[in-house]
Each structure stands twice: as structure tokens, then as C-alpha cells.
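Read through the structure below, which is laid out as C-alpha cells, and then see the notes.
Computed from the coordinates by the stated procedures, all read-outs in this text should not be read as laboratory data. Everything numeric here is computed off the predicted structure, so don't read it as measured data. Heads up, the Cβs are rebuilt from the backbone with ideal geometry, glycines too, and the neighbour counts pull from every protein chain shown.
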Amino acid sequence: MSLILLTPIRSNIPSAFSDITVWLDAAQPGFSYADNTRMTTGWNSLDAASRHLNNNYGVGTYGLYRTNSGKPYVDFDSSNTKIGRSAVTFTDFMGLNVGTIFLVINQYHASNSNAVMTHRPGDSSNKWLFHLAFADNNFYHDWGNQFSGGRVSHAMPSGWRDGTFKILEIRRNVNALRVRVANTNVYNNASAYSSARTSTSDNLDLGGVSGSGWQLSHFLTWKRVLSDAEADAVYAYLLPLKP
């Protein structure tokens, strides 16, 4: 089975998508991939600026393209699996201390692996790095100075590694952080952060850093805080698309 879907075909796209900054949908990757084979060209973003994740990190680094009941996803099946885009200006896809992220994700490996998304992972004083969930069963949300107000961690949500896809929302609003799974709060703190990013340029990556054992069908970002109504509409849009 293969899919060649180059443009959005959904008819019920929420209004919030009008200013989406990265929009990865495994049903519309921009290229034709056979089911259960490794991607070879990358994963196109459907955002207006076409921020495609098409870096070639070497043979075998792209994820496996798979389907479940006809619904496709990308399998980050090893620590070598990694997709990204080079030289992304941070404020092109995320705010310095505000933003919204949605993932439709399944972390199927029991331990010693984690879902990873990064921008500037090598600089601890100015990071945007997420471990979901780390080997210690915690989520880590780095957004600023890791050692001075830019890291937030909390316990892995109940049932996170049960082998099913989850809709995960991460929303930062200045110092506040809200994390929801299945539209239910798992972390909500109005004073979680005291540090912000600066506007840097670096690779925006998904995977790598021992980030194996997880699957992703959608990755969506905004450089603003979605309203509750907008976030609920995005969740409702993604729910029937979940593998």
C-alpha cells in the first residue's frame, strides 16, 4: 500500500490551522511510501511556509512508514531514527515563551527509550528539548535555560506506555505550562517557568538522542497560545485520525 497525498484534503480543518507553523500529517507526507518500508525523502509540512522535515542524516535514519487500519504513522524504531529541518529560526515556529504543540503519539517501548523533539539541543542555557517520557518515567520540557528556570518535569501520565496512540497537547503561556493527554490535564502550573528562549537558528529535529520506540502520526506547532476553544477544536479534529 502506498499513498501520494500532496495537499490537504480534510474538509473540517479548524480555523486555528490558518497560522500553524509546522503541520506534519502522516496521511499526507508529500511523497509515496510503501507500507512498512523506511521513508527515503522526508516528511513534508503542510504549513504555508512549507517547513519540510527533509534533512538526510544518513542511510537508515528516516523512520518506518506504517499503517494501522488504513491510518498511517511513522515509526521511530531505533536510536538512529531522526528527521529534521536545518537552520530553523526559532521564532518561525515557536514563541520565545509562548507556544502550542500537538502530537498524536504512541510510545510503545517499555523503557530506555523516549520520544524526543529538539531545537538547539547542545546548549543547556538556551534549549528547546522534550523527552516524552524519559527512562525515569518523567516528562521533561526544556524551554530556556535548563539550569535556571527553563526546565519543567513531571511524572509520566498513567497509561502512557500502554501501546495505544495518544493525543498530547503542550501549551506554554509565558511562565505557565499546561500538558493534556486525551484532552485531560496531566500537568498545569501557572509558574512553571522563569526562563525563555532567545531567537536562535538551529535544526528542528524529531528523534535521535536515543529517542527510539515511539510512533507519530501528527506533529503540529503554533508560535502562540491557542485558546481553550481552539485547542479543543484541534483535539476534536485529530481524534478520528488517530491510528
Item checked: Projected area averaged over orientations for region 69-134, convex hull of C-alpha atoms, nm² -> 6.1 nm²
Checklist line | Environment charge at ASN126 (Cβ cut-off 11 Å; Lys +1, Arg +1, Asp -1, Glu -1) | finding: 0
Next item on the list: Determine the principal axes of the Cα atoms in region 90-176, then give the extent along each, sorted from largest to smallest and rounded to whole angstroms.
Entry: 33, 22, 20
Note to self: Can you find, among ALA182, GLY122, SER69, the residue sitting farthest towards the positive end of the charge dipole of the chain, where Lys and Arg contribute +1 and Asp and Glu -1 at Cβ?
What the structure shows: GLY122
Next item on the list: Please order GLU169, GLU230 by the number of other Cβ within 10 Å, starting at the fewest.
Entry: GLU230, GLU169
Margin query: Please report Rg (one decimal) and Dmax (integer) in Å for the Cα set of region 22-68.
Written below: 10.6, 30
Check: For PHE31, what is the net charge nearby, where nearby means another residue's Cβ is under 14 Å from its Cβ and Lys, Arg count +1, Asp, Glu -1?
Finding: -1
Checklist line | For the chain, calculated [θ]222 nm from helices alone, where every DSSP H run of n ≥ 4 adds -39500 (n - 2.57) | finding: -1500 deg cm²/dmol
Notebook entry, point to check: In sequence order, what are the phi-derived ³J(HN,Hα) couplings for region 123-134 according to the Karplus relation 6.51 cos²θ - 1.76 cosθ + 1.60 with θ = phi - 60°, rounded to whole Hz, with x for glycine and proline?
Noted result: 10, 5, 8, 8, 9, 9, 8, 10, 10, 9, 9, 6
Check: Just going by the charge dipole of the chain, with Lys and Arg at +1 and Asp and Glu at -1 on Cβ, which of ASN80, LEU132, TYR57 is farthest out on the positive end?
Finding: LEU132
Next item on the list: Return one quarter of the surface area of the convex hull spanned by the alpha-carbon atoms of the chain, equal to its mean projected area, in nm².
Entry: 11.5 nm²
Check: Quick one: ASP47, ASP25, ASP19, fewest Cβ neighbours within 10 Å first, how do they rank?
Finding: ASP19, ASP47, ASP25
Check: When a footprinting reagent is the concern and you count Cβ atoms within 10 Å, what order do TYR65, TYR57 take, fewest first?
Finding: TYR57, TYR65
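Which value, in debye to the nearest 20, describes the size of the charge dipole of region 19-108 about its Cα centre when Lys and Arg Cβ atoms bear +1, Asp and Glu Cβ atoms bear -1, and nothing else is charged?
My answer is approximately 180 debye.
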Checklist line | Interatomic Cα distance distribution for region 107-243, bins of 5 angstrom, percent | finding: 2, 9, 19, 23, 23, 16, 7, 1
Item checked: Dipole in debye (nearest 20) - the chain, about Cα centre, beta carbon charges: Lys, Arg +1; Asp, Glu -1 -> 100 debye
Next item on the list: Would you mind getting me the FRET efficiency between THR184 and SER79? Use the beta-carbon distance for r and R0 = 45 Å, nearest 0.05.
Entry: 0.90
Check: Which FRET efficiency value, to the nearest 0.05, do you get for ALA48 and ASP123 by plugging their Cβ-Cβ distance into 1/(1 + (r/R0)^6) with R0 = 25 Å?
Finding: 0.30
